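Asks: Please find one structure pasted underneath; my questions will follow.
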Amino acid sequence: MTTIVRTIHVGVGGRGWWPVDMMGADPKFAPVAVVDMNPEFRERARIQLDLPETAAFADLETALAQVDAEAVVICTPTRTHGPLARQAFAAGRHVLVEKGLTLDWEEAKSLVAAADAAGVKLCVAQNYRYAADERAVTALLNDPSHPFHPGRVEIVDYVHHRYRPEPRTLDYPFAMVWDMSCHHLDSLGCWLGPLRRVTAHAYNATWSRYIHEANIAAILEYASGAVCQYVLTHTATLGEWRVTLQGERGALRLRDTPGVRFYPCPTQTFGSSDPIPCDIPPAPRSEQGVADDFHRYLTEGIEPGISGRNNLETLAGCEMLVRSSRESRPIKRSEL
């Protein structure tokens, strides 16, 4: 019999809607309260979840005192994640928090330690790793017998140009790293393992409306021997997302359009090969993967890759990007 997890949803506008929509329809979960400073957001969520008016709150502290629940789902601006998670820990509630966990490496370690000390479980909603294409790449890399296995991957490109001219909540230093690089580094970590060294440079465009640097370029060196050329921009005028992983047997490529393509190693110098579409097994919406693993962690004790403890490796990469940019030097993982 499936154990039902009761949830309090904090932040139900914007990215906070997917847990309301998904967990509200998932029989493994029972949302019991919504929390938001915006009365329109919390009323919309309350109605969607068919909750009584007494289940809508303007602050988490009151909700924790008045509602019985096993877990808190936090989807608020990143700078508020730490204080809200600590409130939940103190009340003995498990926490699923939207990415990124926080904006500071020391605070990230402290939050993981606080969850452990409180005897509760912490997960971070890094949903990119659950997307069908990314799952397919993970499976191909883990299956050397597959004809589309690229071999030992050592050359990687990860480029994400974004047209996001309005800073909105991204008004703090290195916001692009803590908000988006956490996704990219989480995916790369799934495929390539732990980072060894990072050399990064943050910059802005002359037309940028961001107070702080909104773009970053880096060389990411992995313990496996793979080297990734990494680019993230928020001030691009031509949006683009592409990832290429190259090994001695061939290459895997992902782009903006759905699908993974395998390029066999050419048969002659300066040759090329035609792409072969890879079969992509059906997969649920990526956020469903997050919810499923969170539930499994709470009810079966199976720790997922998105646990707070495992997410520290992703945030270590973010910290390395920040330190390298600030100090204009390579940063080794061992320095953290």
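Asks: When only alpha-carbon atoms are used, what values of Rg and Dmax, in angstrom, describe region 5-120?
Replies: Final numbers for Rg and Dmax: 13.3, 40 Å.
Asks: Further question on the same structure: Of the residues A65, A45, A55, which exhibits the maximal mean-square fluctuation in a Gaussian network model of the chain defined by a 10 Å Cα contact cut-off?
Replies: Ranking A65, A45, A55 by mean-square fluctuation puts A65 first.
Asks: Under a point spin-label approximation (7 Å from Cα along Cα-to-Cβ), what is the H146-T269 distance to one decimal in nm?
Replies: 3.3
Asks: Then there is this: Counting DSSP beta bridges in the chain, what percent are antiparallel, to the nearest 5? Walk me through the intermediate numbers first.
Replies: Numbers: 37 of 64 bridges.
Rounded to the nearest five, the antiparallel share is 60 percent.
Asks: Mind checking which of I155, I276, I74 has the largest fluctuation in a GNM of the chain, springs on alpha carbons under 10 Å?
Replies: Looking only at I155, I276, I74, the biggest GNM fluctuation is shown by I276.
Asks: For the chain, what does -39500 (n - 2.57) per DSSP helix run (n ≥ 4), summed and divided by total residues, give at 222 nm, in deg cm²/dmol to the nearest 500?
Replies: The helix-only estimate for the chain comes to -9500 deg cm²/dmol at 222 nm.
Asks: Local charge sum around F29 (other residues, Cβ-Cβ under 10 Å, Lys/Arg +1, Asp/Glu -1)? Could you put the intermediate results ahead of the total?
Replies: Details: positive: R6, K28; negative: D26, E70.
Summing Lys/Arg as +1 and Asp/Glu as -1 gives 0.
Asks: So for the chain, if I pair up every lysine 8 or more residues apart or on another chain, how many of those pairs have alpha-carbons under 20 Å apart? Before the final figure, lay out each step's value.
Replies: Working: K28/K121; K99/K109; K99/K121; K109/K121; K109/K332.
Close lysine pairs under the 20 Å cut-off: 5.
Asks: Express in % the proportion of alpha carbon pairs of the chain at distances exceeding 31 Å. Each step should come with its number before you reach the end.
Replies: Numbers: 20396 of 56280 pairs.
Value for the chain: 36 percent of Cα pairs lie more than 31 Å apart.
Asks: Now for a separate question. Within 10 Å of each residue's Cβ, count the other Cβ atoms and sort M37, M320, M1 from fewest upward.
Replies: On the way: M37 12, M320 27, M1 3.
So the residues, fewest neighbours to most, are M1, M37, M320.
Every read-out reported here was derived from the displayed coordinates using simple, explicitly stated rules and does not represent laboratory data. The model shown is predicted, which means the values in this text are computed figures rather than measured ones. Positions of Cβ are backbone-derived with ideal geometry, glycine not excepted, and every protein chain shown enters the neighbour counts.
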